[in-house]
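A quick write-up on the structure given underneath.
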Amino acid sequence: MKKRMALLVAAALAAHAGSAQAQSGFALKGHYLFNASDVKNEEQTPAADGFSVGAEYVLPLGVGIGVTAYTTGKVTEFDRESTSFGVLGEANYFIDLPLLPITPYVGVHGGLGQYTVDEVQNADPEFKDERTQLGFQVGARMQLGQMLGLDAQYRRVSEFGASTQGGELERNQILVGITLF
């Protein structure tokens with residue numbers, strides 16, 4: 001009897017949870033990001049924790065494309081004239097798990113430059129420090145409601161610094177945030 005009751009409860013929870021239906025179409029996302037760097041020498045300073053905002057579009061086949069901007073420091077300390085932010089173009093593949101409100105994903109990203117808000121408002125923004133970022137990410141999105149999701153992501157970033165870094169800087173980022181569908 002107890003075994004049947006446990007199976008009944010598990011089936012009811014699975015039926016109630018449903019699958020993550022909102023993992024297609026347009027979404028806005030915001031994250032707090034934790035940085036950890038593999039510093040190769042004393043001249044390179046590890047990046048501080050920060051925040052990111054972005055937008056993505058997930059196609060019906062589970063392939064998502066998006067743009068994310070991130071910076072270090074607190075949101076309240078953001079100075080539009082001097083604070084620079086990195087912009088990443090990313091592509092993710094969302095793995096549909098029927099009957100579960102959790103959708104794991106894997107993807108790749110590439111850097112699109114470092115900018116300040118004032119530079120972006122100009123008609124022709126230019127790269128600020130000539131860094132190229134390449135890497136991958138793995139994560140999971142839990143759908144909390146029809147229009148709200150909770151994200152957790154691990155991102156590996158490789159930065160090949162031309163003039164400011166003087167070498168290769170590997171960085172691990174953990175992102176935790178929300179997504180609005």
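Read-outs: derived from the displayed coordinates by stated rules, not from any lab. What you see is a predicted model, and the numbers here were worked out from it, not measured in a lab. All Cβ positions, even for glycine, are placed from backbone atoms using ideal geometry, and neighbour counts span all protein chains on display.
Remarks
- Taking each residue as 0.36 nm, the span from Ile178 to Asp118 lengthens on full extension beyond its C-alpha to C-alpha distance by 18.9 nm.
- In this structure, Val63 and Leu148 have a Cβ-Cβ separation that, at R0 = 25 Å, corresponds to a calculated FRET efficiency of about 0.65.
- Note on Ala36 and Ala48: the extension gain reaches 3.5 nm, defined as 0.36 nm multiplied by sequence separation minus the Cα-Cα distance.
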